[in-house]
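Computed from the coordinates by the stated procedures, all read-outs in this text should not be read as laboratory data. Not measured: the values here are computed from a predicted model. In this analysis, Cβ positions are derived from the backbone assuming ideal geometry, glycine residues included, and neighbour counts consider all displayed protein chains.
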Amino acid sequence: MIENVRVATVHDITELVRLEATARGSVVGQRGGDERLAELAELGADGFADELSDNRTRVLVSTIDDVIVGYATVSIAGSVARIGAIFVEAAARELGLGELLLADIIAWATVSDADFIEAVALPGDRETKNMYERFGVKARALIVSKPLKPTATLLE
């Protein structure tokens with residue numbers, strides 16, 4: 001079994017869209033998950049195509065024996081590299097693929113002259129928080145909120 005991380009290509013878009021849908025589905029009902037989903041539009045095929053052509057954005061896939069099992073996105077805005085997503089399918093976790101994705105992101109952000117890296121971990125998602133902390137990415141702020149109306153969303 002060979003685990004690998006590589007830069008995604010346009011040939012990977014179908015798998016990226018599938019993984020994005022799986023990633024989004026995996027946070028539904030988690031503490032903060034529904035609110036986070038409301039903040040982030042799905043990239044879909046067109047969004048991934050745009051990101052793949054943007055030199056300030058990096059899209060990665062993680063593979064096992066050339067089968068795509070995870071992905072990550074990161075974009076640089078000003079001096080900050082912002083991780084949009086890191087996701088590895090449940091069956092492929094515990095193999096260190098998330099760490100390989102994060103290591104590549106940090107290396108790319110460093111050579112791209114970013115000064116900081118930022119990411120989001122949902123409240124209670126200890127696995128993700130621990131992975132970030134192993135790489136020195138630590139919480140510097142917590143955002144708390146409460147809807148005041150039954151129909152309120154964070155996009156209003």
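With springs connecting C-alpha atoms under 10 Å apart, model the chain as a Gaussian network and identify which of Gly136, Gly44, Gly96 has the largest mean-square fluctuation. Result for the chain, Cα springs under 10 Å: Gly136 fluctuates most. Charged neighbours of Val111, selected by a Cβ distance under 12 Å, balance to -1 (K, R count +1; D, E count -1). Between Met1 and Glu35, the modelled label-to-label distance comes to 3.6 nm, taking each label 7 Å out from Cα in the direction of the beta carbon. Here the range 1-146 is treated as a Stokes sphere of Kirkwood radius computed over C-alpha pairs; at 37 °C and 0.692 mPa s its diffusion coefficient rounds to 210 µm²/s.
DSSP loop (so not H, G, I, E, B), at most 15 other Cβ within 10 Å: list which GluC sites (Glu not before Pro) in the range 68-148 pass both filters. Sparse-neighbourhood loop GluC sites (Glu not before Pro): Glu94. Per-residue ellipticity at 222 nm computed for the chain from its helices equals -10500 deg cm²/dmol, with DSSP H segments shorter than 4 residues left out and the rest contributing -39,500 (n - 2.57). GNM on the chain, alpha-carbon springs under 10 angstrom: the most fluctuating residue among Thr73, Thr14, Thr63 is Thr14.
Taking a span of 18 Å or more along the helix axis (Cα atoms) and a mean Kyte-Doolittle hydropathy of at least -1.0 as the rule, the DSSP H helices of the chain that qualify are 13-27, 97-111. Annotation for Arg93 and Ala107: the two label points, set 7 Å from Cα along the Cα-Cβ direction, are 2.5 nm apart. Straight-line cross-link reach from Lys138 at under 13 Å between alpha-carbon atoms covers these aspartates and glutamates, not counting any fewer than eight positions away in the same chain: Glu118.
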